[in-house]
1. Provide Phe114, Phe208 in ascending order of the number of other Cβ atoms located within 10 Å of each residue's Cβ, fewest first.
2. Would you list, by chain and number, the lysines whose Cα falls below 18 Å from the Cα of Lys143, excluding same-chain residues fewer than 8 positions away?
3. Would you list which lysines come within 30 Å of Lys253, measuring only between C-alpha atoms, while excluding same-chain residues fewer than 8 positions from it?
4. Pop a pseudo-label 7 angstrom from the Cα along the beta-carbon direction at both Asn256 and Thr122 and give the gap in nm to one decimal.
5. Can you give the FRET efficiency for Gln94 and Arg173, using 1/(1 + (r/R0)^6), R0 = 25 Å, r = Cβ-Cβ distance, to the nearest 0.05?
6. How would you order 172-183, 47-58, 62-73 from highest to lowest mean count of nearby Cβ atoms within 10 Å?
7. Need one number: nm distance between label points at Phe208 and Ile44, each 7 Å from Cα along Cα→Cβ, rounded to one decimal.
8. May I ask for the net charge around Asp171, where only other residues with Cβ less than 14 Å from the Cβ of Asp171 are counted and Lys, Arg are +1 while Asp, Glu are -1?
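No value in this document is a laboratory result; all are computed from the given coordinates. Since the model is a prediction, treat every value here as computed from it, not as a measurement. In this analysis, Cβ positions are derived from the backbone assuming ideal geometry, glycine residues included, and neighbour counts consider all displayed protein chains.
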Amino acid sequence: MNLSIRCRRPEIGTSIMKIALMLSGLVLMLAALPVHAEIVFGPINNPNNGHDYYLLTPNSWTASEAEAEKLGGTLAVIKNAAEEHWIFSTFASQGNANRSLWIGLRRTSPGGPFQWVNGQATNSTYLNWCDTQPDNGGGVEDKVEIWTPYEGWNDARDDEQHYAVVEMPQDLRAKAFTKMEKSLIGAWYQSGRPDEACYITRTENRLFIITYDGRGGMLVTDASGVIIPSWNMHGEIVEDRILWSNGTWWSRKVTNDAADGPPFPRPATFGGFPGFAHSFNR
């Protein structure tokens, strides 16, 4: 059964508001913009579904989704009114802000039906379009935003510059660590050096990384290795080493080949965060 909740109709004309938004988007496009979205804050855990969320800086829908996937998640997939309200109050209007937010809903073909980034069609899920939406203005509005200040959805052009909400897939309310995750816990050595000991530790439901100079961050795992979402860093596990995407490496034991670098191919770069590279190299 489709569940569609109509957000309050804007007091000003919808077409006028859309024109204003399009003009402001053109102004933003003329400004110097980052080549990819960046984290504003997060992770923030939604206690109702156990998922972590991040807020990204304004960018296009495509750039925002690419950044979400690098973090190990996707743009938010909204399943019910409670999730929508939590996202809206946490990211769109918190602190008297007025942020429109990209979510993980888009057309997969021009003028076609909308589909969530996880492959789920909207014909069996929660819907919350604003009045008169979606209208596919100009035939090019194939991405979806939460149309703040209205707690509802609007279709928009891909190149509009909006904040974005990333949803991580793991339910952290009752996490059971895998055998691989448990094997990561303990001491590691940056470049195999005994004076650069690093650590992977855990709380009840999360893994954390601590560098040799005292920096820390949350660690998540995927099929190809480990990810530090807040630093945009990926690590490939090869035998008893972690090969980080900024070119540094950790070993489970002190080695004699620290000066020679890792005797393995480096993993593909995942957009390494410069601050992370700095923290690993004196």
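1. By the 10 Å Cβ count, ascending, the order reads Phe208, Phe114.
2. Reachable lysines: Lys18, Lys79.
3. Reachable lysines: Lys70, Lys175, Lys179, Lys182.
4. My value for the distance between the label points is 6.4 nm.
5. The computed FRET efficiency comes out at 0.65.
6. Going by the mean number of other Cβ atoms within 10 Å, highest first, we get 62-73, 47-58, 172-183.
7. 2.1 nm
8. With Lys, Arg at +1 and Asp, Glu at -1, the neighbours total 0.
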